[in-house]
Structure formats: C-alpha cells, structure tokens
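These notes concern the structure reproduced below.
The values are calculated or read from the model by the stated rules, or taken from the named source; none is laboratory data. Given the structure is predicted, the values throughout are model-derived calculations rather than measurements. Cβ placement follows ideal geometry from the backbone for every residue including glycine, while neighbour counts extend to all protein chains displayed.
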Amino acid sequence: MKRREFCRTLSASVITLGLLPPSLLPHEHSSYQKVKIDRIDLFPMRYPMTGYFKFFTGPHGSAGRAAVAVKITADDGTIGWGQSVPIAKWSYETLETATVVLREYFAPVLIGRDPTDIRGAHAEMDRALAPGFTTGMPISRAGIDLALHDLTGKLSGRSLAQIWGKPKGGPLTLSWTVNVTSLDDIGSVMDEGKKRGCRHFNIKVAPDPEFDVALAREVRRLSPESFLWADANGGYEPETALKAAPQLADAGVDMLEAPLRPNRISGYQALKKQGALPILMDEGVVTPIDLEEFHKLGMLDGVAMKPSRCGGLISNKQQIEFCQKHNLIWLGSGLTDPDISLAATLGLYGAFGLKKPAALNGPQFLTTDVLKKPLRIKNGMAYIPEGPGLGIEVDGDKVIALMKKSGGQKWSVS
C-alpha cells in the first residue's frame with residue numbers, strides 16, 4: 001500500500017472508530033496530501049422538470065433547472081465535483097452569469113492552489129470578485145466550494161461528516177412543496193406528495209394574503225398533524241405581512257419564512273416583535289456576518305438554510321453553528337437542488353442533526369440525474385450519501401449528454 005493510501009485509510013479509520021478527535025488527525029495540508037489544482041472544467045446545463053413551480057416559468061425557467069457542474073482535478077488525478085444552481089427569478093444570478101464568473105474570475109485564481117485549503121480559496125475568490133453588501137455571486141461560488149469539499153474528502157478518504165468530526169446522521173424527513181395558482185389544485189398536489197411518503201408540507205405564499213390563508217387552511221385540513229411552514233420569498237409589503245402573519249398562524253401555519261425583502265429591516269423587527277409566528281430569514285442571509293448582524297438587530301427567530309445560496313458548505317456550516325449557539329431556529333431548505341448540490345446539502349444537514357422536515361424539493365420537480373447511483377429518496381425520507389467527499393459518483397458521460405441536450409458548452413481552465 002502506498003504511503004498516501006495508508007494515511008487516508010488510517011485517517012478515516014480513527015475518525016470512524018472515535019480513537020482520535022479530528023483536531024489530532026493529519027491536517028489536510030500535511031505532506032502526504034501535497035497536491036495542487038491542475039484543471040477546472042465547467043458544464044452548463046438544464047435539468048428537465050415536471051410540475052408547476054413559480055421560479056421556473058417564462059422563457060428561461062421553462063427550459064429547465066439551470067446548473068453548472070464544476071469538476072476540479074488535482075495534479076495527482078483526484079477529482080472533486082460541485083454544482084452552482086442559479087435561479088434568475090430567485091436571485092440575480094443566471095446560468096450565463098454563473099458560467100462567466102466561474103470561468104473568468106473564480107477558476108483562474110485557483111489553479112495551482114492546494115485544493116484542501118478551502119478557506120484560502122474563498123479568500124482568493126473574494127479578491128477576484130469584490131463583494132457588495134455581502135459575498136459576490138454566492139450561488140456561483142458554491143459550486144467551487146462543494147467541489148473542493150468533495151476533492152478534500154476523496155484525498156483523505158473522509159466523508160463530509162468525518163471532515164467535521166460529526167456523525168453521519170440522517171435519514172432526513174422531507175417536506176413537500178405546495179405551490180398552486182388555484183385552490184382547486186391543492187388536493188392533487190398533496191396527494192402526489194403523500195404517494196411518495198411525504199407527511200409534511202411547505203406552502204408558497206404572497207402577495208395575496210386572502211388566497212394564502214385559504215391555502216394554509218386547506219393544507220392543514222388535509223394534513224392536520226404535519227409541520228407546515230409558509231414561504232413568502234420576500235413577497236409581502238410590511239403592512240400586509242403584519243396583517244397576514246396572525247391570520248396564517250390561525251390557519252395552522254407553524255413558521256413564516258422570508259415575509260419581506262431582506263432590506264426591510266424595520267419590517268422584520270416589527271414582525272418579530274409582533275410574535276404571531278416565528279420569523280425566518282432566507283434571501284439576504286449569505287455570510288455568517290449577515291446572520292450575526294440581523295440577529296443583533298432583532299429581525300429574526302431563525303434561518304431557512306441553503307448551502308447553494310450562501311457560497312457553499314463553509315458559510316452554511318458556520319451559520320448553523322451560530323443558530324445552535326444562540327438558540328435560533330434553523331430549518332433545512334434548498335434551491336430545488338439537483339443531485340450534486342443536493343448530496344452536499346444532505347451531508348451537511350445530516351451531520352448537524354436536522355430535526356424538522358426539510359424542504360428539499362429537487363426530487364419533487366427534477367426528472368433526471370447525472371450520478372452513477374442515484375441518491376436514495378424513499379417514502380418521504382432522504383438518506384445521507386456514504387463514501388468520501390460528497391459520497392457520490394458522478395457519471396461524466398451523463399454530465400456531457402445533459403449539457404449537450406441543453407445546448408451548453410464545456411469550458412476548461414488550467
């Protein structure tokens with residue numbers, strides 16, 4: 001057995017058996033792992049979808065769920081995969097801008113770097129693309145972060161949970177998304193979720209509180225024991241949200257996510273002070289500093305997490321730790337994540353022991369994958385991938401086929 005292989009096996013074994021804490025294990029930067037990033041390949045694509053979801057309508061959204069698969073290859077041949085998942089109707093990042101930023105700004109500054117120095121990679125990306133109010137192009141950046149975590153895990157033979165010194169955790173209970181334009185469609189959408197074993201539901205609300213309250217009442221009637229959370233995606237005005245929150249609570253909603261745009265600071269403060277429902281933020285919370293400042297301002301009771309939103313796993317892990325330290329609520333959510341991004345999200349939420357049902361609706365709306373072995377989603381449960389890094393094997397042929405079918409073009413930076 002080669003020295004590098006022996007060290008990887010030893011590292012994984014001692015963590016698994018609990019013989020040494022991660023802090024006493026060989027560090028990612030130790031001599032047996034002195035590799036460098038040799039090449040970064042980008043694969044823009046669109047995953048085909050089914051069903052109605054408001055963010056995937058119009059000429060771009062209806063073409064499918066945009067994603068850029070990121071493949072980072074080290075000079076010893078080890079490969080890490082990540083994925084950027086922009087949504088034009090949810091953020092300012094698009095498939096086109098994500099591809100350009102990854103190709104022209106992020107990837108070039110990482111060539112030749114130690115792939116296990118993930119914090120250093122983020123610092124380089126900060127220098128390449130200046131932040132605005134918060135991290136610049138965080139959804140695009142997340143693809144790099146995930147690929148570096150995957151590569152680090154494969155170099156050391158460790159899963160995400162083992163890298164962090166955590167148990168694998170899971171499986172995770174899933175929440176089914178009810179996004180309808182007619183109250184007549186509620187039953188059929190919920191029935192589809194129940195057929196797949198889902199017993200918990202999240203609803204899309206705003207801007208019409210009358211419709212939203214009727215929606216919540218019907219979902220609660222059809223599923224009286226479920227955990228029900230409402231997500232407005234910043235769609236209410238402050239006065240409307242203050243009227244809607246008590247009515248939604250009376251209709252059976254348990255929590256209200258993103259009732260206002262994140263710059264409505266006084267509006268969030270008023271909603272939290274009102275106390276009709278726990279108020280969660282989502283959009284606008286990108287870095288741990290954002291979360292810390294919003295918490296100090298009394299704007300929230302918790303956060304609906306998304307690694308794909310906030311620049312990747314490092315940022316999201318720190319936000320979960322902040323919530324745990326300050327007794328804030330944290331829920332597991334996503335950006336209709338395809339398989340690669342979803343695998344990373346499952347690994348994070350499993351390691352940190354997510355308790356509430358997770359609104360990870362990629363399996364609900366996406367109809368294909370690029371993995372050699374699909375993620376295990378069964379009876380309303382999502383199982384944590386096993387193995388080093390993200391715990392998945394990406395099928396390169398599937399990636400290229402989906403990219404070509406989407407009209408995309410491979411880009412390489414070396």
Quiz item: Which of the residues belonging to segment 159-184 are of a type in the set (D, E, K, R) and in contact with a Phe, Trp or Tyr (Cβ under 8 Å, 6 or more places away or on another chain)?
Solution: LYS166
Practice problem: Select, from LEU129, LEU183, LEU148, the only residue that is of a type in the set (A, V, I, L, M, F, W, C) and under 26 Å from TRP229 (Cβ atoms). | Solution: LEU183
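Considering GLY332, GLY353, GLY407, GLY380, which residue is modelled with pLDDT of 95 or more, surrounded by 23 or more Cβ atoms within 10 Å (Cβ to Cβ) and not basic (Lys, Arg)?
Details: GLY353 fails: surrounded by 23 or more Cβ atoms within 10 Å (Cβ to Cβ); GLY407 fails: surrounded by 23 or more Cβ atoms within 10 Å (Cβ to Cβ); GLY380 fails: surrounded by 23 or more Cβ atoms within 10 Å (Cβ to Cβ).
On inspection, the qualifying residue turns out to be GLY332.
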Quiz item: If you take just the strands (runs of 3 or more DSSP E) that sit entirely in segment 1-111, which of them hold at least 3 residues that are more than 18 Å from the chain's Cα centre (by Cα) and modelled with pLDDT of 95 or more?
Solution: 37-47, 65-74
Exercise. Check ALA206, ALA232, ALA216 and return the single one that is touching a residue at least 40 places away in the same chain (Cβ under 8 Å), within 23 Å of THR336 (Cα to Cα) and either out of contact with any helix residue (DSSP H, G or I) (no Cβ under 9 Å at 6 or more places or on another chain) or hydrophobic (A, V, I, L, M, F, W, C) (or both).
Key: ALA206
Quiz prompt | Filter result for ASP114 (assigned to a loop (DSSP other than H, G, I, E, B), more than 19 Å from the chain's Cα centre (by Cα) and touching a residue at least 12 places away in the same chain (Cβ under 8 Å)) | solution = yes
Self-check item: Every residue from segment 247-267 that is over 26 Å from the mean Cα position of the chain (by Cα) and under 12 Å from ALA216 (Cα atoms)
Solution: GLN247, LEU248, ALA249, ASP250, ALA251, GLY252
Quiz item: Between residues in segment 366-386 that are farther than 20 Å from THR50 by Cα and residues that are of a type in the set (Val, Ile, Thr) and modelled with pLDDT of 95 or more, which pairs lie under 6 Å by C-beta distance while being six or more apart or on different chains?
Solution: PRO385/ILE392
Quiz item: What residue, among those in segment 144-187 that are touching a helix residue (DSSP H, G or I) at 6+ places or on another chain (Cβ under 8 Å) and charged (D, E, K, R), is surrounded by the most Cβ atoms within 10 Å (Cβ to Cβ)?
Solution: ASP150
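Out of all the residues in segment 252-263, is one or more under 29 Å from PRO167 (Cβ atoms) and surrounded by fewer than 24 Cβ atoms within 10 Å (Cβ to Cβ)?
Yes, the conditions are met somewhere in segment 252-263.
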Quiz item: Which number in (1) among the polar types (S, T, N, Q); (2) closer than 20 Å to ILE144 by Cα; (3) touching a Lys or Arg at 6+ places or on another chain (Cβ under 9 Å) marks the one condition that GLN364 misses?
Solution: (2)
Quiz item: Taking segment 218-229 as the search range and keeping residues that are of a type in the set (A, V, I, L, M) and over 14 Å from LYS356 (Cβ atoms), which one is surrounded by the most Cβ atoms within 10 Å (Cβ to Cβ)?
Solution: VAL219
Quiz item: Any residue at all in segment 141-151 that is out of contact with any His (no Cβ under 9 Å at 6 or more places or on another chain), of a type in the set (D, E, K, R) and assigned by TED's automatic domain parsing to the domain that holds LEU42?
Solution: yes
Quiz item: What number of residues within segment 246-292 satisfy the criterion of being in contact with a Leu (Cβ under 9 Å, 6 or more places away or on another chain), within 22 Å of ASN327 (Cβ to Cβ) and assigned to a loop (DSSP other than H, G, I, E, B)?
Solution: 8
